[in-house]
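Asker: Attaching a single structure in structure tokens format; questions to follow.
The values are calculated or read from the model by the stated rules, or taken from the named source; none is laboratory data. Please read all numbers here as calculations on a predicted model, not as lab measurements. All Cβ positions, glycine included, derive from the backbone under ideal geometry; neighbour counts span all protein chains shown. To get the accessible areas, we keep the full protein, side chains included, count just its heavy atoms, and leave off ligands, DNA and RNA. Shrake-Rupley method; radii C 1.70, N 1.55, O 1.52, S 1.80 Å.
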Protein chains: 2
Amino acid sequence: MSLPYSEQHYFSSYDHFGIHEEMLKDESRTLSYKHAILRNRDLFKDKIVLDVGCGTGILSMFAAQAGAKHVMGVDMSNIIEMARKIVDLNGLSDKITLIQGKMEEITLPYQKVDIIISEWMGYFLLYESMLDTVLYARDKYLVPGGIIMPDKSTIYAALLEDGEYKDEKVSFWDDVYGFDYSPFKDIVLSEPLVDTVDLRHVISNPCQVFEIDLYTVKVEDLAFKANFDLKARVNDTAHAILCWFDIEFNKLTTPVKFSTGPHAKYTHWKQTVFYIDGQVSLRAGDEVTGSIDCRPNEKNNRDLDITLEWECKAENKGGKRFYCMK
Amino acid sequence: MSLPYSEQHYFSSYDHFGIHEEMLKDESRTLSYKHAILRNRDLFKDKIVLDVGCGTGILSMFAAQAGAKHVMGVDMSNIIEMARKIVDLNGLSDKITLIQGKMEEITLPYQKVDIIISEWMGYFLLYESMLDTVLYARDKYLVPGGIIMPDKSTIYAALLEDGEYKDEKVSFWDDVYGFDYSPFKDIVLSEPLVDTVDLRHVISNPCQVFEIDLYTVKVEDLAFKANFDLKARVNDTAHAILCWFDIEFNKLTTPVKFSTGPHAKYTHWKQTVFYIDGQVSLRAGDEVTGSIDCRPNEKNNRDLDITLEWECKAENKGGKRFYCMK
């Protein structure tokens, strides 16, 4: 079965409209934006709003509903053709202007905006995120004292017991219908796994590894190295470092937040699993310290190069592994 | 969340190697090929074999194991770099030559082959299939009386009761957080749904709609219009036409076949659901007749344009809908 072909004409079709269905049906995501916008009508009344990566236009329509003077929705995908139909059908064409193109190349009807709304987050927060575009829009269009929604995002890490699934994912390659496919093991281990994790398999406290303040962060800050310190809560074996992120809308009359963690309601971002080489047996209280280095791949800057280093003094074990999110 | 970017550099990464994992773990698929090859060693002994779209090289290795004189594996994806490692690791480098490129452009070390093996099938058999490449290879390289594996594939159709899921897929768009998204309904209905179906929801006899004999079929035959006649087995409501395909390896000492239908073991091809407009209430014995017209999209010939017409005289109902697999 050959995959690549269909991708080549993505821009000429709605064939990935399924992702919009998935995002709209993600209630943690969409209801959080809805509440952040509609429970803060005072902030939106008569304001100029920019929706970065508007997709089907749902956030733009929330903003218009909240009393915005005018909303500009920008997206480079031709899903925006559908957004136009939807906005028109819902009688909001006079309040919402939809523009297809790259934020860096288009001209907006308003040169200054009071509020920027955007659902820019990708897997592991930063993978294929549109944050760089949001920051470009912030620096070019946002008035002093303007509002960005959301305005804070935080990546967390924890230790994960995942023996059974890891074994299935890795050992499979030792004997593939009688052949040795072990070179694939390294690929499996080098690809962060985006999946939902059962909270019962999280065996350490969560640790905040990276925080983004959307009012002040610069694009270059998104290449970061951060430390973590994870303390085992129980006697168990760690096979991976688990990561997730929280999103906050703070600078509001009525703040809103949601989490994509294993303790929270399912989101389409799920969680991200970084398998370590081997495993480490821990007793309650043992600490695993280390660092995550995350930066865009130099050749394909939509890819993330991630290096994870860890050490457990109590067990006299440690490791270092390079991952790439593609 | 933005999807398209990662697709643009597919060819420069293994990021879709997951599809190879999925295909290898599909035992209906891979064991069928293994049995077709290894239970017919007499046919492979000292033969020249061509593996069209060799992927990770599993079929090429089966053929080498079966005693082939030499196997040539061709694939345009750079997964072939991994295939080389695997073939080498399994000590078969002298028996297997792997060539990266398009079948139409490469030069093979042997100009004639005795056997062509290929796992070329896509969703709904023909979506993003490599069959055209297999037929090119057949016409250019296969010796008279040579063998093609598999040599027969058949598409079947049946009536599907799918009220609950269809309603969820379609009605959702009537009220999306208070907005009318109904234009998306047409997109949902126009996209064949690739999913597994519970056999209990299949409410008619299966009907053969299209058969391919790989020894004689021509590329132009793959644009086809075929009729179906489906008789309800029970009193129930039909919401969709379900399609699947069977694969046969016939011209062998020990023939092999497998099905991707709802009655068979799970395969990664699942089944394909074509929702009709509305629904039709049937009594046992009622017949739904119609036709499926399937041809490559003129602009993007990897897309499939499918037109489905149906009529139920007993219920005095009928319909026609256009679908596109992208």
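Asker: Once you charge only the Cβ atoms, +1 for Lys and Arg and -1 for Asp and Glu, what is the size of the charge dipole of chain A about its Cα centre, to the nearest 20 debye?
Answerer: 1300
Asker: Take every DSSP beta bridge whose two residues both sit in chain B, then give the antiparallel share in percent to the nearest 5.
Answerer: Working: 58 of 76 bridges.
Of all bridge pairs located within chain B, approximately 75 percent are antiparallel.
Asker: Show log10 I(q)/I(0) for region B:3-118 at q = 0.11, 0.21, 0.23 Å⁻¹, two decimals, from a solvent-free Debye sum over equal Cα scatterers.
Answerer: Relative scattering, expressed as log10 I(q)/I(0), comes to -0.36, -1.18, -1.35.
Asker: Need one number: nm distance between label points at B:Y177 and A:D167, each 7 Å from Cα along Cα→Cβ, rounded to one decimal.
Answerer: The two pseudo-label positions are separated by 4.3 nm.
Asker: Report the one residue of A:N301, A:N90, A:Y323 whose Cα lies farthest in the direction of the positive end of the charge dipole of chain A (charges on C-beta: Lys and Arg +1, Asp and Glu -1; origin at the Cα centre).
Answerer: Going by the charge dipole, the pick is A:N90.
Asker: If you don't mind, there's one more thing I want to ask. Would you look at the GNM of chain B, springs on alpha carbons closer than 10 Å, and say which of B:D88, B:D195, B:D174 moves the most?
Answerer: For chain B, modelled as a Gaussian network with Cα springs under 10 Å, the answer is B:D174.
Asker: Separate question: Hey, could you get me the Stokes-Einstein D for region B:151-323, Kirkwood radius over alpha-carbon pairs, 25 °C and 0.890 mPa s, rounded to whole µm² s⁻¹? Let's see the in-between values first.
Answerer: Numbers: Rh = 17.2 Å.
Taking Rh from Cα pairs, D becomes 142 µm²/s.
Asker: Please enumerate, by chain and number, the lysines with C-alpha under 18 Å from the C-alpha of B:K313, excluding those fewer than 8 residues away in the same chain.
Answerer: Reachable lysines: B:K231.
Asker: When a/c reaches 1.5 or more, the comparison of a/b and b/c decides; with that in mind, is region B:226-326 rounded, prolate or oblate per its Cα gyration tensor? Each step should come with its number before you reach the end.
Answerer: Working: a/c = 2.21, a/b = 1.29, b/c = 1.71.
It comes out oblate by the Cα gyration axes.
Asker: D for the protein assembly as shown, whole µm²/s, Stokes-Einstein with Kirkwood Rh over alpha-carbon pairs at 20 °C and 1.002 mPa s: what number? Working shown, then result.
Answerer: Values: Rh = 27.4 Å.
The estimated diffusion coefficient comes to 78 µm²/s.
Asker: Let me ask something additional. Antiparallel DSSP bridges in the protein assembly as shown: what percent, to the nearest 5?
Answerer: Values: 117 of 153 bridges.
Percent antiparallel among DSSP bridges in the protein assembly as shown is about 75.
Asker: Roughly how much of A:S28 is accessible, in Å² to the nearest 10, using a 1.4 Å probe?
Answerer: It works out to around 20 Å².
Asker: Using a/c under 1.5 as the rounded threshold, could you call region A:171-272 rounded, prolate or oblate? The axes a ≥ b ≥ c are square roots of the C-alpha gyration tensor eigenvalues, and prolate needs a/b larger than b/c, oblate otherwise.
Answerer: Working: a/c = 2.25, a/b = 1.83, b/c = 1.23.
Prolate, because a/c is 1.5 or more and a/b exceeds b/c.
Asker: With all protein chains present, calculate the accessible area of B:E168 using a 1.4 Å probe and round the result to the nearest 10 Å².
Answerer: About 100 Å², ignoring ligands and nucleic acids.
Asker: Let me know the mean shielding of B:172-179 by other chains, meaning the per-residue number of their Cβ atoms within 10 Å of its Cβ. Present the calculation step by step, with values, prior to reporting the outcome.
Answerer: Numbers: counts 3, 3, 0, 0, 9, 11, 7, 12.
Partner Cβ neighbours, averaged per residue: 6.
Asker: Let me ask something additional. Out of the total accessible area of region B:3-118 (probe 1.4 Å, heavy atoms of protein only), what percent is carbon and sulfur?
Answerer: Values: 2090 of 4210 Å².
Here it works out to 50 percent.
Asker: For a 29 Å ceiling on Cα separation, which of these pairs sit above it: A:K225/A:K299; A:K320/B:K326; A:K265/A:K317? Walk me through the numbers on the way to the answer.
Answerer: Numbers: A:K225/A:K299 20 Å; A:K320/B:K326 41 Å; A:K265/A:K317 34 Å.
Beyond 29 Å: A:K320/B:K326; A:K265/A:K317.
Asker: Determine the per residue accessible area of region B:151-323 with all protein chains present and a 1.4 angstrom probe, expressed in square angstrom.
Answerer: Values: 7700 Å² over 173 residues.
Heavy-atom SASA per residue in region B:151-323 reads 45 Å².
Asker: Taking each residue of A:46-59 in turn, how many C-beta atoms of other protein chains fall within 10 Å of its C-beta, and what is the average?
Answerer: Numbers: counts 0, 0, 0, 0, 0, 0, 0, 2, 0, 2, 5, 2, 5, 0.
Neighbouring Cβ atoms belonging to other protein chains average 1 per residue here.
Asker: Also: Pairs of Cα atoms under 8 Å, at least six residues apart: use those to get the relative contact order of chain A, whole percent. Walk me through the numbers on the way to the answer.
Answerer: Working: 701 pairs, mean separation 52.2, N = 326.
RCO, chain A: 16 percent.
Asker: Within straight cross-link reach of A:K251, meaning Cα distance under 17 Å, which lysines are found once same-chain residues fewer than 8 apart are removed?
Answerer: A:K34, A:K45, A:K47, A:K152
Asker: Using only protein heavy atoms and a 1.4 Å probe, how much accessible area in total is buried between A and B, to the nearest 100 Å²?
Answerer: Numbers: alone 15970 and 15980 Å², together 25760 Å².
Heavy-atom accessible area buried at this interface is about 6200 Å².
Asker: Let me ask another. For an R0 of 45 angstrom, estimate the FRET efficiency from the Cβ-Cβ distance between B:K218 and A:D186 and round to the nearest 0.05. Write out the running numbers ahead of the final one.
Answerer: Details: r = 44 Å, r/R0 = 0.97.
About 0.55, to the nearest 0.05.
Asker: Kirkwood Rh over Cα pairs of chain A into Stokes-Einstein at 10 °C, 1.306 mPa s: D in µm²/s? Don't skip to the answer; put the middle values down first.
Answerer: Details: Rh = 21.3 Å.
Rounded to a whole number, D works out at 75 µm²/s.
Asker: Using modelled amide H (1.01 Å from N, peptide plane; none on Pro or chain starts), what sits under 5 Å from the amide H of B:Y156, excluding residues fewer than 5 places away?
Answerer: For B:Y156, whose amide H was placed from the backbone, the distant partners under 5 Å are B:V209, B:W244, B:F245, B:D246.
Asker: When the solvent-accessible surface of protein heavy atoms is calculated with a 1.4 angstrom probe, in what order do B:R321, A:R41, B:R295 fall, highest first? Don't skip to the end; give the middle numbers.
Answerer: On the way: B:R321 30, A:R41 120, B:R295 90 Å².
From most accessible down to least: A:R41, B:R295, B:R321.
Asker: Kindly provide the trypsin sites (Lys or Arg not before Pro) of region B:246-315 that DSSP labels as loop, not H, G, I, E or B, and whose Cβ sees at most 10 other Cβ atoms within 10 Å. If you can, show how the numbers build up before the last one.
Answerer: Numbers: sites: B:K251, B:K257, B:K265, B:K270, B:R283, B:K299, B:R302, B:K313; in loops: B:K251, B:K265, B:K270, B:R283, B:K299, B:R302.
Those that pass, being in a loop and sparsely packed, are B:K299.
Asker: As an exercise, identify the trypsin sites (Lys or Arg not before Pro) in region B:75-126 lying in DSSP coil whose Cβ has no more than 13 other Cβ atoms within 10 Å. Each step should come with its number before you reach the end.
Answerer: Values: sites: B:R84, B:K85, B:K95, B:K102, B:K112; in loops: B:K95, B:K102, B:K112.
Within region B:75-126, the qualifying trypsin sites (Lys or Arg not before Pro) (loop, at most 13 other Cβ atoms within 10 Å) are B:K102, B:K112.
Asker: Tell me the net charge near B:L282. Cut-off is 15 Å between Cβ atoms, B:L282 excluded, with +1 for each Lys or Arg and -1 for each Asp or Glu. All intermediate terms of the calculation are to be shown ahead of the outcome.
Answerer: Numbers: positive: B:K231, B:R233, B:R283, B:K313, B:K317; negative: B:E161, B:D162, B:D229, B:D236, B:D286, B:E287, B:E311, B:E315.
Summing Lys and Arg as +1 and Asp and Glu as -1 gives -3.
Asker: Region B:297-326: which chymotrypsin sites (Phe, Trp or Tyr not before Pro) are DSSP loop and have at most 16 other beta-carbon atoms within 10 angstrom?
Answerer: On the way: sites: B:W310, B:F322, B:Y323; in loops: none.
Nothing satisfies the criteria.
Asker: With an 8 Å cut-off on Cα pairs and a minimum separation of 6 or more residues, tell me the relative contact order of region B:151-323 in percent.
Answerer: Dividing the mean separation by the residue count of region B:151-323 yields 27 percent.
Asker: I would also like to ask the following. Over all residues in A:180-193, what is the mean tally of Cβ atoms on other chains that come within 10 Å of each residue's Cβ?
Answerer: Taking all residues of A:180-193 together, the mean is 4.
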